[in-house]
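The values are calculated or read from the model by the stated rules, or taken from the named source; none is laboratory data. Just so it is clear, the structure is predicted and the values come from calculations on it, not from any experiment. FYI the Cβ positions are ideal-geometry reconstructions off the backbone, even for glycines, and counts take in every protein chain you see.
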Amino acid sequence: MDPKQQKVKLNDGHFIPVLGFGTYAPEEVAKMEALEFTPFSIEVGFRHIDCAHVYQNEEQVGQAIQSKIADGTVKREDIFCTSKLWCTSFRPELVRPALEKSLKSLQLDYVDLYIIHFPLALKPGKELFPKDENGKLIFDSVDLCHTVNPNHPVLLEDPVLSAIAQKHKKTAALVALRYQIQRGVVVLAKGNNKKWIKENIQVFDFELTPEDMKAIDGLNRNIRYYEFH
């Protein structure tokens, strides 16, 4: 099945590819990885590229997209590019300048989707994570903090996922991605390894059974894995 044809219709009538390439990476490697792995993701079939100002690598992602347009691999309209409004720019007068900054970095005239990155407003300014003298985040108007227990179980090592993966002769990561796609969720697969990037495209090569879906539904523990505080 061609991954480029798997899309979900948005409320405005446009379509978003259900599998996206995530460009987040730790600060010390974000720029290098974006230049190496974003072009590769396009080469193997990804057409949805997920970016954000806070990743601090939109310039490199833009260079990568432009390089694949220049060499004829894709046209601009083939790529669905998402960027995100960071939490320090939630005030209405700051939204447009933030978008324009991302567009300039990405070397694009438009992005296909522009969304709020995280439902929490931080103090406006140049600092991405403004903190007070005690090292605490300075909020702007919405105080919504989440703390996660680092001792939570590793999701991809869950025996139920592992058993389903073994049955389909796929990895647990692919099963997790396929589960979300069959639920109608658009998924973003971060990639800093070419083997994994090629593997993630295989999510369209198989289908989970209703029994598989029900078993994975039963894994919910109301755990939030991403820590932001």
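Restricted to segment 176-216, and to residues that are polar (S, T, N, Q) and crowded, with 18+ Cβ neighbours inside 10 Å, which residue is farthest from residue 33 (Cα to Cα)? Please lay out each step first, then the result.
First, the residues of segment 176-216 that are polar (S, T, N, Q): 180, 182, 192-193, 200, 202, 209.
Imposing the further condition that a residue be crowded, with 18+ Cβ neighbours inside 10 Å reduces the set to 192, 200.
Working: 192: 7, 200: 17 Å.
Looking at the filtered set, the residue picked out is 200.
Is it the case, given these coordinates, that residue 180 is modelled with pLDDT of 95 or more, touching a strand residue (DSSP E or B) at 6+ places or on another chain (Cβ under 6 Å), part of a helix (DSSP H, G or I) and not hydroxyl-bearing (Ser, Thr, Tyr)?
On the way: modelled with pLDDT of 95 or more: yes; touching a strand residue (DSSP E or B) at 6+ places or on another chain (Cβ under 6 Å): yes; part of a helix (DSSP H, G or I): yes; not hydroxyl-bearing (Ser, Thr, Tyr): yes.
Against the criterion (modelled with pLDDT of 95 or more, touching a strand residue (DSSP E or B) at 6+ places or on another chain (Cβ under 6 Å), part of a helix (DSSP H, G or I) and not hydroxyl-bearing (Ser, Thr, Tyr)), residue 180 qualifies.
Take the residues in segment 1-57 that are assigned to a strand (DSSP E or B) and β-branched (Val, Ile, Thr), then tell me which one is farthest from the chain's Cα centre (by Cα).
Residues of segment 1-57 assigned to a strand (DSSP E or B): 7-9, 15-17, 19-22, 48-50.
Retained after the next criterion (residues that are β-branched (Val, Ile, Thr)): 8, 16, 49.
On the way: 8: 16, 16: 13, 49: 8 Å.
Restricting to residues being assigned to a strand (DSSP E or B) and β-branched (Val, Ile, Thr), the top hit is 8.
Can residue 50 be described as among the charged types (D, E, K, R), farther than 22 Å from residue 193 by Cα and out of contact with any Cys (no Cβ under 6 Å at 6 or more places or on another chain)? Steps first, answer last, please.
On the way: among the charged types (D, E, K, R): yes; farther than 22 Å from residue 193 by Cα: no; out of contact with any Cys (no Cβ under 6 Å at 6 or more places or on another chain): yes.
Considered against the rule, which asks whether it is among the charged types (D, E, K, R), farther than 22 Å from residue 193 by Cα and out of contact with any Cys (no Cβ under 6 Å at 6 or more places or on another chain), residue 50 comes out as no.
Please give the number of the condition residue 91 fails out of (1) crowded, with 20+ Cβ neighbours inside 10 Å; (2) touching a Pro at 6+ places or on another chain (Cβ under 8 Å); (3) not acidic (Asp, Glu).
(1)
Cβ-Cβ below 6 Å, separation at least six or inter-chain, first residue in segment 84-104 and without any contact (Cβ under 8 Å) to a residue 40 or more places away in the chain, second part of a helix (DSSP H, G or I): which pairs?
85/98; 89/98
Determine whether segment 43-51 contains at least one residue that is farther than 23 Å from residue 88 by Cβ, touching a residue at least 60 places away in the same chain (Cβ under 8 Å), surrounded by fewer than 18 Cβ atoms within 10 Å (Cβ to Cβ) and not aliphatic (A, V, I, L, M).
yes
Quick check, is residue 134 closer than 19 Å to residue 221 by Cα and either at pLDDT 95 or above or in a loop (DSSP other than H, G, I, E, B) (or both)?
On the way: closer than 19 Å to residue 221 by Cα: no; either at pLDDT 95 or above or in a loop (DSSP other than H, G, I, E, B) (or both): yes.
Taking the combined requirement at face value, the residue does not satisfy it.
Being in contact with a helix residue (DSSP H, G or I) (Cβ under 6 Å, 6 or more places away or on another chain) and on the phi > 0 side of the Ramachandran plot is the filter here, so list the residues in segment 2-55 that pass it.
Once the filter is applied, which keeps residues that are in contact with a helix residue (DSSP H, G or I) (Cβ under 6 Å, 6 or more places away or on another chain) and on the phi > 0 side of the Ramachandran plot, segment 2-55 yields only 45.
Assuming residue 142 fulfils every condition listed in (1) modelled with pLDDT of 95 or more; (2) of a type in the set (A, V, I, L, M); (3) in a loop (DSSP other than H, G, I, E, B) apart from one, which condition is it?
Failing condition for residue 142: (1).
Could you list all residues from segment 52-88 that are over 19 Å from residue 125 (Cβ atoms), among the β-branched types (Val, Ile, Thr) and buried (at least 21 other Cβ atoms within 10 Å of the Cβ)?
Matches in segment 52-88: 61, 65.
Is there a residue in segment 74-83 that is part of a helix (DSSP H, G or I) and at pLDDT below 95?
Filtering segment 74-83 down to residues part of a helix (DSSP H, G or I) leaves 76-78.
Filter again for at pLDDT below 95, leaving none.
Taking every residue of segment 74-83 in turn, none turns out to be part of a helix (DSSP H, G or I) and at pLDDT below 95.
List pairs: first in segment 193-209 and part of a helix (DSSP H, G or I) and at pLDDT 90 or above, second loosely packed, with under 15 Cβ neighbours inside 10 Å and not aromatic (Phe, Trp, Tyr), Cβ under 8 Å, 6+ apart or cross-chain?
Pairs that qualify, where the first residue is part of a helix (DSSP H, G or I) and at pLDDT 90 or above and the partner is loosely packed, with under 15 Cβ neighbours inside 10 Å and not aromatic (Phe, Trp, Tyr), are 204/1; 204/2.
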